[in-house]
Amino acid sequence: MPVRRGQRSRPSRVGKPLLTGLIAAALLMVGCGQQLGAMLYFLSPQRMHKPEIELTKARLAILIEFADPSAENPVFARALHDIIEDQFTERKLKSKVVPCDELARLRSENADFSTWSVQRIGRRVNAEQVLYIRVESFIIHEEPGHPLIEPKADMRLKVIDARASAKEGNVQLWPPEPDGRRIALARPPKDAGSSRQIDDEVKKLARQTGRIAARIFVEHDEEEELPREP
C-alpha cells in the first residue's frame with residue numbers, strides 16, 4: 001500500500017525464525033541490546049486485525065444522523081461518509097456503497113424521512129445492510145462566541161440488516177452492545193477566523209473518526225499508524 005502523507009513507513013517483516021535467531025545471537029554476543037530490540041521488532045510476525053463483522057458484498061448504505069437536529073453539520077457528515085467509503089475502497093472491501101447523494105435525495109423528497117426506521121431507509125435505496133452512524137453530540141465551540149474552535153464528535157455505530165423481517169428477531173448484526181460501538185474524538189483548540197477555516201477543522205475531525213470507524217470492518221496490521229491530521 002502506498003505511504004500516505006503523515007504516515008510513517010517501515011520495512012516489511014521477514015518472519016523467518018532461523019534468521020531471527022542467528023541475528024539475535026550475534027547481537028547478544030556483542031552486547032547490542034538496543035539494536036536487538038529493533039531487529040526483533042522488524043522480524044516479528046505481523047499481528048493482523050480481523051474485521052469484527054463481514055460486511056455485505058451487495059449494496060451498503062452509510063447512514064449518518066444527528067441526535068440533535070440543531071447540531072447537524074453537513075460538512076462533517078459528507079466528509080465522514082467520503083472517508084469511510086474511500087477506506088473501504090482502498091482496503092478492497094467488496095461492499096457497493098450507496099452514493100451519498102442518493103441518500104440525500106431520498107431525504108429531501110420525503111418530508112417524513114426523520115420518522116423512518118433505519119431498515120426502511122435501507123430498503124428504499126435497495127441496500128442489504130446499513131452502517132448506521134448516530135452522532136450523539138457534535139460541537140465546534142465550547143461556548144457560543146468563544147474565539148477558539150475545538151470540534152468534538154461522539155458517535156455510535158451499528159450494522160443493520162435491511163432485509164430481515166420483524167419475525168426474524170433482532171435486525172442489528174453488529175456490535176453485541178445494543179447501543180452500538182462508541183467512537184469519540186476531539187480536535188485540539190485552534191483559532192479560526194473564517195467559516196472556511198472552521199470547515200477545514202470539521203473535515204479533519206471527520207477524516208480522523210472515519211478512519212477509526214473503517215478499521216473495524218477491514219483487515220489491517222494492528223501496529224499500522226493512522227495518518228495524522230495537522
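The values are calculated or read from the model by the stated rules, or taken from the named source; none is laboratory data. Being a predicted model, the structure only gives us computed values, none of them experimental. FYI the Cβ positions are ideal-geometry reconstructions off the backbone, even for glycines, and counts take in every protein chain you see. Please note that ligands, DNA and RNA were not included when accessible areas were found on the heavy atoms of the full protein model with its side chains. Shrake-Rupley method; radii C 1.70, N 1.55, O 1.52, S 1.80 Å.
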Of all residues making up segment 107-147, the number that are assigned to a helix (DSSP H, G or I), open to solvent by 20 Å² or more (accessible area, probe 1.4 Å) and not basic (Lys, Arg): 6
Residues being under 20 Å from THR89 (Cβ atoms), of a type in the set (Gly, Ala, Ser) and out of contact with any Phe, Trp or Tyr (no Cβ under 9 Å at 6 or more places or on another chain) - total across segment 195-230: 2
Answer from VAL159, VAL135, VAL125, VAL97 - the residue that is under 21 Å from the mean Cα position of the chain (by Cα) and more than 18 Å from GLU54 (Cβ to Cβ): VAL135
Selected residue (criterion: nearest to LEU55 (Cα to Cα)) from residues of segment 76-94 that are in contact (Cβ under 8 Å) with a residue 60 or more places away in the chain and not in a helix (DSSP H, G or I): LEU93
Identity of the residue in segment 162-196, more than 17 Å from GLU52 (Cα to Cα), surrounded by fewer than 17 Cβ atoms within 10 Å (Cβ to Cβ) and charged (D, E, K, R), that ends up farthest from the chain's Cα centre (by Cα): LYS167
Residue within segment 148-156 that is small (Gly, Ala, Ser) and either open to solvent by 50 Å² or more (accessible area, probe 1.4 Å) or modelled with pLDDT under 95 (or both) present: no
Selected residue (criterion: most open to solvent (accessible area, probe 1.4 Å)) from residues of segment 90-106 that are out of contact with any strand residue (DSSP E or B) (no Cβ under 8 Å at 6 or more places or on another chain) and either among the hydrophobic types (A, V, I, L, M, F, W, C) or more than 12 Å from ILE62 (Cβ to Cβ) (or both): LYS92
